[in-house]
Amino acid sequence: MTKQIIFSIIFIFATACSGSLAQKDVEKTITEKVVLVDTIPQIRKYVLAYPSFIAKDSANYIIWKDGTKMIYDDGLEKSDFDKKLNSPDLEDQLEIKYKKGENYSLPQINEDPGRIRFEPLFKKMYGQNSSEVAKNLVTINWLPSSVNKKLRVTKINGVAEKIQAISNELDTLDHLHKYLDNPGGTYNWRKISGTDRLSVHSFGIAFDINVNKSNYWRWDKNPEYPEYRNQIPLEIVLIFEKHGFIWGGKWYHYDTMHFEYRPELFIN
Ligand SMILES: [Zn+2]
């Protein structure tokens, strides 16, 4: 490890502790793969991931810039995965680690990093209802020189700019276009079928790249113990991950065309 890298880690750690890490620095930690194993308290990941909204953490709360306090650990005993999925808190949301990059093994039972979502966090940033979310949507041009489709995504947290950057990079990679030419949609305010939970597509932060090349655990012949299937090349996944998007193909309950913006899961 060079002196420069050691200095960078100390610098990032120091700024992270003071709670003043800017968005661009967070992205730097994502792209430069600076790993801070167990140095950042879990709760602080929200402050670092969403600096436009969350000012700091204090004891068991995250403190929003508008002064709102949101509890981190609700103290409730949740004995199984479904309880965490259906009534999570901010702590549960971070419990299952997302494995960035190409070195990951097939997910174990219920290993679904990012699938547990504390809805009030997303509603407060992206909109409490469909009309509030819609006010923040902008149109991006998906793969303008090949697929050329207009899609609506949120501009909050720079999501639209990030998807446009992903799109521009993918546009130059002809061999990947067949996986990207039939996007299933971005924004859609709805509940996940068969559940009371809002789909993350409700917030305009998710992207389904191609319905025709998709594998989804609910469509498996034995959805209780789904047999993992995937057709999406890792090359596409790595480009999305570089911009803070997790991939549903790394879930036990796999959804392989699905990507969503979840920067808190990229901070170690
Ligand atoms: Zn999706």
Determine the sum of side-chain charges near LEU170: Lys and Arg each +1, Asp and Glu each -1, restricted to other residues whose C-beta is under 12 angstrom from that of LEU170. -3
ASP174 to THR139: FRET efficiency via 1/(1 + (r/R0)^6), r the Cβ-Cβ distance, R0 41 Å, to the nearest 0.05? 0.95
Scattering profile of segment 119-266 from the Debye formula, Cα beads only, expressed as log10 I(q)/I(0) at q = 0.14 Å⁻¹, is -0.66
Could you name the lysines whose alpha carbon sits less than 21 Å from that of LYS150, not counting residues in the same chain fewer than 8 places away? LYS135, LYS162, LYS178, LYS213
What residue among ASP89, ASP220, ASP66 shows peak mean-square fluctuation when the chain is described by a Gaussian network model with Cα springs under 10 Å? ASP66
Want the number for GLU132 to ASN148: 0.36 nm per residue separation, take away the alpha-carbon distance, what's left? 3.0 nm
Computed over all unlike Cα pairs, the Kirkwood hydrodynamic radius of the chain in Å stands at 19.3 Å
Counting other Cβ atoms within 10 Å, keep those with at most 16, restrict to DSSP loop, and tell me which chymotrypsin sites (Phe, Trp or Tyr not before Pro) in segment 194-268 are left. TYR228
With springs only between Cα atoms under 10 Å apart, run a GNM on the chain and tell me which of HIS243, HIS177, HIS258 wobbles the most. HIS177
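Values in this text are rule-based calculations from the coordinates and carry no lab data. All figures in this text were calculated on a predicted structure; none of them were measured in a lab. Glycine also receives a Cβ, built like all others from the backbone with ideal geometry; neighbour counts cover every protein chain displayed.
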